[in-house]
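A quick write-up on the structure given underneath.
The values are calculated or read from the model by the stated rules, or taken from the named source; none is laboratory data. Just so we're clear, the structure is a prediction, and the values are computed from it rather than from any experiment. Virtual Cβ from ideal backbone geometry, glycine too; neighbours counted across all protein chains shown. Keep in mind that these areas ignore ligands, DNA and RNA; they rest on the heavy atoms of the full protein, side chains included. Shrake-Rupley method; radii C 1.70, N 1.55, O 1.52, S 1.80 Å.
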Amino acid sequence: MGRAFEYRKARKLKRWGNMSRTFTRIGKEITIAAKSGGPDPTTNPRLRALMQNAKAANMPKDTVERAIKKATDKDASDYKEITYEGYGPHGIAIFVEAATDNNTRTVANVRSYFTRYGGNLGTQGSLTFLFDHKSVFKIKAKEGVELEDLELELIDYGVDEIEADEEEIVLYGAFEEFANIQKYLESNDFEIVSAEFERIPHELKEVTAEQRVALDKLLEKLEEDEDVQNVFHNMKEDEEEN
């Protein structure tokens, strides 16, 4: 299995347990997409992809519809997407993605978490060199289509890694190629299970069990914040947990 696949699998296993947080995160993304590209999924590819993510997460249909409607509600919060970068204790790089209607509040909270748990918040762009920003598509395997043939076909559309995951296939491509990959998959009648952006670390750092306890406290605090959408890091997962 490839580096990106193993990292993502470990990260997803840890996140599956909290459904309410998953619904909140996807709901915000849907609202932002509907606001920027319109509420009609047939003419808004990003919204269409997010609705697939909602379906894969078993998010109720009325919750999805409320999130879309919120984009046209004059009294609704106007979310902005922003990233924060810093180091946790023991030199672990942490990338935080947030969707917030009050950046002053969010940055104060994020900074306080880093400080409280032995880390420090850095400047925007300071960790970019440590992570690859990837488009990640999970699709259903299609009868008669070999993995190798699909990989060769998709190279021209920006896909650089493919992994088989039980009955599904995971595709990794450059962040800026998201629209091209989505267009190819939809045009060729592949069923898209989910489509996301991930930050995959170039290398994973080993930590001791004691160090992991301190780092997990910081990561959990960040994940719990209502403005935080995603938390990425370069700490190697404990193999016993997986």
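Measuring between alpha carbons in the structure, the pairs from Lys183/Lys205; Lys61/Lys183; Lys55/Lys142; Lys134/Lys205 lying more than 29 angstrom apart are Lys183/Lys205. Among the listed pairs Lys28/Lys217; Lys35/Lys221; Lys74/Lys217, a Cα-Cα separation exceeding 31 Å is found for Lys74/Lys217. Put a dot 7 Å past the Cα of Ser112, heading toward its Cβ, do the same for Val213, and the two dots end up 2.5 nm apart.
Taking amide H atoms as placed 1.01 Å from N in the peptide plane, the amide H of Asp160 lies under 5 Å from those of Tyr172, Gly173, Ala174, each 5 or more residues away in sequence or on another chain.
The fraction of accessible area contributed by carbon and sulfur in the chain is 48 percent, rounded to a whole number (1.4 Å probe; ligands and nucleic acids excluded).
Find the relative contact order for the stretch 151-242 and round it to a whole percent, using C-alpha pairs within less than 8 Å whose residues are 6+ positions apart. Reported as a whole number, the value is 19 percent. Each peptide in 126-137, 26-37, 59-70 receives the mean, over its residues, of other Cβ atoms within 10 Å, and ordering these scores from highest gives 26-37, 126-137, 59-70. Values (1) 19.0; (2) 18.4; (3) 21.4 are given for comparison; Kirkwood radius over Cα pairs in Å, derived from the coordinates here, is the one labelled (1). The order of the peptides 97-104, 161-168, 215-222 by mean Cβ neighbours within 10 Å, most packed first, is 215-222, 97-104, 161-168. Taking a straight Cα-Cα cut-off under 15 Å and skipping sequence neighbours fewer than 8 places away in the same chain, the aspartates and glutamates within cross-link reach of Lys140 are Glu151, Glu163, Asp165, Glu166, Glu167, Glu168, Glu186, Asp189, Glu191. On a per residue basis, the stretch 94-240 carries 52 Å² of accessible surface, using protein heavy atoms and a 1.4 Å probe. Annotation for Thr104 and Asp149: the two label points, set 7 Å from Cα along the Cα-Cβ direction, are 6.0 nm apart.
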